[in-house]
């Protein structure tokens, strides 16, 4: 028995350290209070509707969910999505204490028969572990939550640049049979970048159904740093709505990685009209382009918004080659992503305990 207790204490201590290390999401070295937009894969635990998913994740509006998944903007919220389908969830990210987690949303309201494990593993399909929910909500006893209690679900994310370039950090759900090299090729990054971002020493540590921090290249913008949507991170082949729905922006690598924004044409609630999107001193509206000479053209570009003003500016761009310093995320930034427990680690510690028990 004398050898048992030190071993048990060792096990508890190691588990405590592991839990502490896994308390928050992806590595984020930006200063505290830095915010950005992020994406994460969500495997539906049951058949439901787009509106129900939108409500579960506190997404500001349905069109944001539609845009993140490249669905037609007129798709109704009543559209059925089947169990095991994967949707990309857009959400705001907050950096603090060296890690990035969702910025106080989604907020989940406890219903009868709920438990923290059920909420983490089943309602949110393992995007977080229950200890993370317990930690950020300051719950002393994991077995004591109340019906109607509101719980912040800390989804993993990051706002860090990658190799000196802006990137949108995507929480990618790893499919069975995937390889780090294959994921790197799919998302136009490098194997070394993924390993370093996710704190893996080699590719054999990749686990199916884990959430991998994948940096996505984004289109360049002229969005001001005092804009309410700064930084506007839009990856290739996706679109987003901003400026209270008045502006739709698309990223297309074929357009030399330059973000193309235009008036959305969306009717705002209560019949409110959108602010002007015309470039000052010109007849150009947002998104209009005109050829100047050779490879050059002018564009009425989106510069951000604040209060009831949409900023625009006439910019020059080249149609012949990517602008200098293209958004290339193929670097090797340091990082240490958090993807839940590594069971091999736990197994190793368990073997140590068994060894002590035996002797």
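The values are calculated or read from the model by the stated rules, or taken from the named source; none is laboratory data. What you see is a predicted model, and the numbers here were worked out from it, not measured in a lab. Methodologically, a virtual Cβ is constructed for each residue, glycine included, from the backbone with ideal geometry; neighbour enumeration extends over all protein chains shown.
Structure data summary
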{"quantity": "Wholly enclosed strands (runs of 3 or more DSSP E) of segment 257-349 bearing at least 2 residues modelled with pLDDT under 90 and either under 28 Å from the mean Cα position of the chain (by Cα) or within 25 Å of residue 171 (Cα to Cα) (or both)", "calculated": "none"}
{"quantity": "Boolean, residue 138 is on the phi > 0 side of the Ramachandran plot, at pLDDT 95 or above and assigned to a loop (DSSP other than H, G, I, E, B)", "calculated": "yes"}
{"quantity": "Residue ID - modelled with the lowest pLDDT, chosen from residues in segment 43-72 that are out of contact with any strand residue (DSSP E or B) (no Cβ under 8 Å at 6 or more places or on another chain) and assigned to a loop (DSSP other than H, G, I, E, B)", "calculated": "60"}
{"quantity": "Filter pass, residue 233 being surrounded by 15 or more Cβ atoms within 10 Å (Cβ to Cβ) and in contact with a helix residue (DSSP H, G or I) (Cβ under 7 Å, 6 or more places away or on another chain)", "calculated": "no"}
{"quantity": "Pick from segment 198-230, criterion farther than 25 Å from residue 29 by Cβ and within 20 Å of the chain's Cα centre (by Cα), ranking: surrounded by the most Cβ atoms within 10 Å (Cβ to Cβ)", "calculated": "209"}
{"quantity": "Qualifying residue in segment 78-86 (condition: over 17 Å from residue 49 (Cα atoms) and either in contact (Cβ under 8 Å) with a residue 24 or more places away in the chain or loosely packed, with under 13 Cβ neighbours inside 10 Å (or both))", "calculated": "no"}
{"quantity": "Pairs where the first residue, in segment 45-60, is at negative phi and touching a residue at least 12 places away in the same chain (Cβ under 8 Å) and the second is outside any loop (DSSP other than H, G, I, E, B) and loosely packed, with under 15 Cβ neighbours inside 10 Å, C-beta under 7 Å, 6+ apart", "calculated": "45/122; 47/80; 49/80"}
{"quantity": "Some residue of segment 89-107 being modelled with pLDDT of 95 or more, in contact with a helix residue (DSSP H, G or I) (Cβ under 8 Å, 6 or more places away or on another chain) and over 17 Å from residue 152 (Cα atoms)", "calculated": "no"}
{"quantity": "Residue match in segment 114-134 (condition: more than 25 Å from residue 49 (Cβ to Cβ) and within 18 Å of the chain's Cα centre (by Cα))", "calculated": "yes"}
